[in-house]
Amino acid sequence: MKYVLITGASSGIGYETVKEFLKNEYHVIGIDLNQNKELEESKNYTFFSGSITIKEDLENVAKYLEENNLTLNMIINIAGIHDMLSLIESDYEKIKRVIDINLSGTMLVNNTFYKYLASDGRIIILTSEVAKVDPLPFNGIYSISKIALDAYSQSLRQELNLKKQMVITIRPGAIETPLSRGSNTSTNRFASETNYFKNESVHFSKIVSKFAGKPMNATKFGKYVFKVTTKKKPKYVYNKHHNIGLILLGMLPKRIQCFIVKLLLNRKTK
């Protein structure tokens, strides 16, 4: 029996990835804040309620691995959050929470469970399409967390390459999940709460809705995650369902990017 540990296991990409590994006869150890009732009856699924940012929660999982003498074939880092914030206006605790979950939590997971990883085991880290483009206004803290997570993935890859173990980075675009739906909600919330960017945030909300594109089906993406991570010779980095508008904007010189964004957001609200 092969064992895989998956964070963010109860919803969205994590849930769909769990289902795909179970279907292919892996034993999945899932970590999330709450259990998904649809997975409760799965005989090859072991769930732990906890936060990836709390060391004691992860140590409970480590104790289970230790007591059952289990070796992990994969550690798949999916847990993450999105929030639309102003870097100069938002409450620091909100900013810190995004970094804690999207970056520090992932690092803590891999630090905690690496000693249980098989000698030919793999660590998979989901970052984002925004990890390779310049951040947009109000999406900055999310972009910062994912850019840093992408750099962490490469740094970890260099280390584990010395041990002949793989680190695979997957950078998904918009996927139809509670996270993507929540990003629309947080955009609208930011527009209603901001004091410094009232006019700009209204235009930003409209642009996000217009140019975000159609999200990829989460079930389809879960199958994709399984397919690429279980390949005999996978690539180091996978890009999937990226927004062409973001790619083209990111190719422009910084001055032109800033000019275009300012032109779009500084218009007077009708």
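Things worth noting here:
- Amide H contacts of Leu72 (H built 1.01 Å from N, in plane; Pro and chain starts excluded): Leu117, Ala118 sit under 5 Å, all sequence-distant by 5 or more or on other chains.
- Only helices enter the 222 nm calculation for the chain: every DSSP H run of n ≥ 4 contributes -39,500 (n - 2.57), and dividing by all residues gives -14500 deg cm²/dmol, rounded to 500.
- Net charge of the neighbourhood of Asn60, taken over other residues with C-beta under 15 Å away and scored Lys/Arg +1, Asp/Glu -1, is -4.
- Other residues within the sphere of radius under 13 Å centred on the Cβ of Lys254, judged by their own Cβ, net out at +1 (K and R +1, D and E -1).
- Nonlocal amide H pairs with Ile168, under 5 Å, H built at 1.01 Å: Ile123, Ile124, Ile125
- The range 215-270 shape via C-alpha gyration tensor axes, a/c threshold 1.5: oblate
- Cross-link partners for Lys198 among the aspartates and glutamates, with Cα-Cα distance under 14 Å and sequence neighbours closer than 8 places in the same chain left out: Glu89.
- Once the Cβ-Cβ distance of Ile207 and Ala62 is raised to the sixth power relative to R0 = 51 Å, the FRET efficiency obtained is 0.70.
- Since only Ile88, Ile123, Ser104 are under comparison, the one whose Cα sits farthest along the positive direction of the charge dipole of the range 88-146, derived from C-beta charges on Lys, Arg, Asp and Glu, is Ile123.
- Listed by chain and number, the aspartates and glutamates whose C-alpha is less than 17 Å from the C-alpha of Lys19, apart from same-chain residues fewer than 8 away, are Asp32, Glu38, Glu40, Glu41, Glu176.
- Shape call, the range 103-229: gyration tensor on alpha carbons, a/c limit 1.5: prolate
- Taking the average, over residues, of other Cβ atoms within 10 Å as the packing measure, peptides 30-40, 165-175 rank 165-175, 30-40 from highest down.
- Within-13-Å neighbourhood charge of Thr112 [Cβ basis; K, R +1; D, E -1]: -1
- Put simply, when 110-122, 88-100 are sorted by average Cβ atoms within 10 angstrom per residue, most first, you get 110-122, 88-100.
- Couplings for the range 41-49, taken from phi via the Karplus curve 6.51 cos²θ - 1.76 cosθ + 1.60 with θ = phi - 60°, read 8, 6, 5, 9, 10, 10, 10, 10, 7 Hz in order; Gly and Pro are left as x.
- Reachable aspartates and glutamates from Lys163, criterion Cα separation under 16 angstrom, eight or more residues apart if same chain: Asp120
Values quoted throughout were computed directly from the atomic coordinates according to the rules given, and no laboratory measurement underlies them. Because the structure is a prediction, the values reported are computed rather than measured. All Cβ positions, even for glycine, are placed from backbone atoms using ideal geometry, and neighbour counts span all protein chains on display.
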